1. May I ask you to order A:45-55, B:200-210 by the average number of other C-beta atoms within 10 Å around their residues, highest value first?
2. Compute the distance from the alpha-carbon center of region A:150-184 to that of region A:54-120, in whole Å.
3. How large is the charge dipole for the protein assembly as shown, taken about the Cα centre, if only the Cβ atoms of Lys, Arg (+1) and Asp, Glu (-1) carry charge, to the nearest 20 debye?
4. Based on C-alpha coordinates, I'd like the Rg and Dmax of chain C, in Å.
5. Counting DSSP beta bridges with both partners in the protein assembly as shown, what percentage is antiparallel, nearest 5?
6. Please state the equivalent ellipsoid semi-axes for the protein assembly as shown: what are the square roots of 5 times the Cα gyration tensor eigenvalues, largest first, in whole Å?
7. If the elastic network links every pair of Cα atoms under 10 Å, which of C:Thr130, C:Thr105, C:Thr220 fluctuates the most in the Gaussian network model of chain C?
8. At a Förster distance of 41 Å, what's the computed FRET efficiency of A:Asp106 paired with C:Phe181, Cβ-Cβ distance as r, to 0.05?
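The values are calculated or read from the model by the stated rules, or taken from the named source; none is laboratory data. Since the model is a prediction, treat every value here as computed from it, not as a measurement. Heads up, the Cβs are rebuilt from the backbone with ideal geometry, glycines too, and the neighbour counts pull from every protein chain shown. Each accessible area value is taken on the protein alone, full model and side chains, heavy atoms only, with ligands, DNA and RNA left out. Shrake-Rupley method; radii C 1.70, N 1.55, O 1.52, S 1.80 Å.
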Amino acid sequence: MDAPLLAIENLRTYFYSRAKRAFIRSVDGVSLGVARGETLGIVGESGSGKSVTALSAAGLVSAGPGVISGRIDLYSNGARRNLLDGLENYARITERDGRVMEVEKDERGWRKRSETLMAGVRGKEIAMIFQNPRSALNPYSTIGKQLVETIRLHTSLKGESEAKERAIHWLERVRIDSPRLRFDNFPFGMSGGMCQRAMIAMALSAEPSLLIADEPTTGLDVTIQSRIVDLLAQLKTETGITTLLISHDISVIQRLSDRIAVMYGGTVVETGRTAEVLAPEARVRHPYTTALLASIPSAETIRRKSYLQAIEGEVLDTIEVPRGCRFYGRCNRVTEAIRENCAGLEPPLGEVAPGHKVRCWLYPATGKA
Amino acid sequence: MKLAAIKPVSRVLARELGITALLLFGVSVVVFAILYLAPGDPLNVLLEGQSPRSELALGMREALGVPRTWYGQYAAWFGKMLQGNFGNSIRTGLPVLPELARVGVYTLTLTLGSLALTLLIAVPIAVHAAAHGGTAGNTAATLVAYVLSAVPVFWFGYIVVYVFIHQFGMFPLISGTAAKQEHAWLYFLVPIFVLGIASGTLSEMIRHLREELSRVLAEDYIRTARAKGAAVWRHAFKEGFLIPVTEIMSAKIPFLLGGAVIVEQVFNWPGMGRMAWQAAQDRDFPVIMGIALVAAAFVRLGNLLQRVVFTAVNPRASRE
Amino acid sequence: MRRYVQTPGPIGEFSELALRQRAEPLDLVYVGYGLLVVAVVVASYMLGAFGWLPDDPQAMNVGLINAAPFTSGHVLGTDFLGRDLQARLILGIQAYFLPGLLAITISVVGGSILGILAGYRGGWFDTIITYFDNLLDSFPRLVLILLVIAAFKPDIYYVMVVVGITGMPVIANLIAGKIAFLRQKSFIEAAHALGLPAHTVILKHILWLNCRALLVIQATLGMAEAILVETSLSYLGFGVQEPTPSWGNMVQAGANYFLQGNFWPSTAPALAILATILGFQLLGDGLNNLLEGKRRR
């Protein structure tokens with residue numbers, strides 16, 4: 001990969017369920033890289049761990065018993081820093097047979113360390129937009145004040161009036177009509193789409209190196225969704241900002257991302273260039289990716305009036321992870337030749353073509369992988 | 001150009017004032033109804049200064065123009081109160097209102113003081129618990145809160161007095177007037193402390209503030225604030241601190257005024273609560289009526305202030 | 001440092017609805033203690049009503065005043081006139097038991113009626129009940145009670161009528177909320193669609209089937225309130241008068257000896273108040289957590 005901006009290596013984020021007295025393995029060994037200037041789309045069902053991956057990268061996993069391990073390297077200003085550096089000193093993890101059995105965690109120390117690591121990164125280097133923009137904006141403050149706060153925190157514009165001019169400039173760039181009026185609006189008086197535009201303006205106004213968009217179209221009306229996607233596409237060509245895009249909607253990912261990572265059960269099951277992975281004629285494709293594609297309506301399926309396919313079975317329970325392939329229980333392409341492997345051995349993420357990796361026993365790796 | 005942001009705050013305030021006036025009117029009706037229904041014709045004592053004893057007196061009243069219908073009596077009674085005439089105490093013969101003003105200061109000191117003291121204790125505990133999500137001490141704290149809310153205030157007062165006498169060699173029973181003595185402020189502080197701790201005020205305050213702040217800290221917009229590297233407390237302050245603090249203060253005023261009746265009794269505190277006790281003892285209803293009205297007015301005033309803060313802070317309040 | 005431990009072996013089936021799973025052990029402890037207190041109170045009330053007391057509560061023994069517990073036949077000691085504290089504590093329950101039942105009956109019946117009017121009829125009924133609620137909240141309750149005492153007479157039943165009325169808005173609000181919830185689920189419309197008459201829907205399907213847990217919980221909490229009011233008043237000297245015992249006047253009488261270091265005669269009834277109010281409160285809150293699932297955490 002050329003000139004990475006963010007490199008996630010073997011990320012594991014576990015939560016603890018008090019009711020079940022068990023660890024939920026939300027993210028279970030994810031490695032990803034985002035190159036400078038590109039958009040990486042992560043797609044998967046809810047519960048696949050895609051949002052938790054993003055929140056871990058932004059240091060926003062705040063649940064007390066959450067444990068994160070691995071590396072998240074951010075390359076900025078010619079230096080590399082690990083956003084999880086030293087956190088392992090605050091949690092002692094006891095494992096047995098590859099299962100986490102016990103965690104002892106100094107939560108205050110962990111939180112302090114994490115805040116130190118993220119100071120100067122959150123907002124400044126990594127900005128984030130969320131789903132349900134109406135609740136993500138502070139209802140007690142005007143749009144303008146929230147933008148001005150970001151600008152004064154993270155840019156060289158410290159004066160009130162110049163920050164305000166910059167804020168209005170950003171409101172214009174996200175195509176908010178009459179930005180000077182909107183500047184004094186409270187979020188509750190605005191539509192969801194308008195709020196998301198303001199969120200995007202606020203995120204970009206800090207001029208970050210990386211934008212994490214966590215389900216940016218979820219919680220919006222369908223017609224608004226496509227407008228927000230249009231806006232993100234336009235801003236991408238205008239600003240060339242590096243983006244980590246999370247969505248359960250594979251059509252959004254297809255539209256906006258250069259590369260794609262498909263996640264299932266806390267792991268990446270397929271990754272590669274979007275055009276290659278999602279190409280209609282692609283011969284090599286993870287069964288889960290195929291199922292995701294079959295579940296969205298396309299012009300083709302509508303024309304042919306063919307049925308949409310739901311993915312059979314339940315989303316994987318990430319408490320008790322099976323020993324074999326995580327998708328085995330729902331997979332419809334298991335052949336007798338590989339069944340033994342599928343059931344008992346987790347497939348590696350093997351390179352099937354340059355830059356295209358698949359975690360499936362159907363496709364033996366061609367490279368060294 | 002702030003056209004879109006203009007809030008009809010004045011209209012909301014007018015509405016709140018109207019509600020307050022309506023409630024105060026209701027308060028006067030309740031008090032009037034109790035006096036009207038009571039045996040021994042207390043209303044006439046208030047209106048004329050004496051009880052009718054005979055047919056002669058009845059005829060005299062008609063000659064004097066004292067109303068006989070209930071609404072006429074209400075109007076006369078209400079009119080007198082608007083002029084500041086709450087009648088004269090049956091026991092002392094003094095006009096009620098100046099007496100209430102005299103002792104009211106002590107009760108105000110006691111209730112507002114204990115409100116301030118409990119806030120001083122409750123806020124750091126609640127903020128700490130909400131920010132660090134403490135669960136280990138939670139069960140213990142909940143149990144302590146339950147026990148505190150069930151402790152009889154009057155007995156708790158004696159415990160504190162006893163501790164003061166035997167541990168510190170002081171005698172804080174002399175009441176708030178004993179200002180000449182050494183450590184006079186302590187004599188003020190002890191009843192304030194007792195009123196604040198007991199009857200569950202402190203524990204309810206901690207619980208309310210902690211719950212509200214934790215709820216707000218889990219809101220999406222706080223996550224946004226963290227994601228953009230802003231100070232979380234700046235974003236959580238209005239909804240997570242200012243509103244719940246004013247809410248609980250306003251909600252606790254009637255409880256503190258009720259508790260003051262007992263605490264003033266235990267500590268010989270010369271306030272309205274003790275006066276209310278004395279008045280009930282003597283069936284001195286002009287006095288107790290005045291106290292009920294003043295206390296209710298005080299409660300409504302606190303509530304009005306809370307609504308003003310809420311309206312000023314919450315942009316949604318003015319659009320309901 | 002905090003420890004989180006994975007259950008060894010496979011993780012069992014988990015059902016959201018199973019009471020055993022949802023019940024925290026602490027709630028069961030609350031309810032258990034509360035039920036114990038209720039049983040002791042009811043049993044003691046019976047003993048007092050039939051006069052089956054361990055000792056004569058009025059028999060003075062000037063030779064044995066303010067005795068400590070476990071002295072010669074007085075398990076809980078004696079008071080300032082040498083009367084048996086245990087017998088007087090048991091008899092003291094008479095002071096609040098029936099008046100308390102009166103208060104909770106008034107607030108449950110009145111609150112239910114108001115709540116149904118507000119929830120079922122809605123409209124301006126709702127506004128009126130909100131107004132009524134705010135109006136009653138304006139008075140410090142003890143001051144309102146003292147006003148009634150001064151205007152009428154210091155009678156515990158008059159006082160409990162006031163306590164009952166001031167307890168009505170809480171129940172009315174809860175029932176109105178419950179009805180709003182049932183409406184949201186189209187429950188009430190469904191009942192009407194079945195052709196059930198209004199009084200059947202209200203009495204059976206709303207009150208009995210959906211609100212009984214709520215009413216039991218509120219009645220329990222109401223009893224705690226009634227005990228608090230009765231003991232406070234008898235402490236202030238407006239309730240039961242000496243020589244008839246009530247926990248409040250026992251604390252008051254004992255208080256004269258408290259500062260001399262003789263705290264037991266005053267502390268014994270105070271602890272009885274504490275344990276009893278705590279019991280009713282824990283029972284109410286514990287039942288609430290178990291039956292209504294209100295715990296937020």
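1. On the way: A:45-55: 23.5, B:200-210: 21.7.
Highest mean packing first, the order is A:45-55, B:200-210.
2. Using only Cα atoms to place each centre, the spacing works out to 34 Å.
3. Numbers: 93 positive and 79 negative charges, 437 e Å.
Using only the charged Cβ atoms, the result is roughly 2100 debye.
4. 23.4, 76
5. Details: 46 of 65 bridges.
Here the antiparallel bridges make up roughly 70 percent for the protein assembly as shown.
6. So the equivalent ellipsoid measures 65, 34, 28 Å along its semi-axes.
7. Judging by the Gaussian network model, the answer is C:Thr130.
8. Efficiency, from the Cβ-Cβ distance: 0.45.
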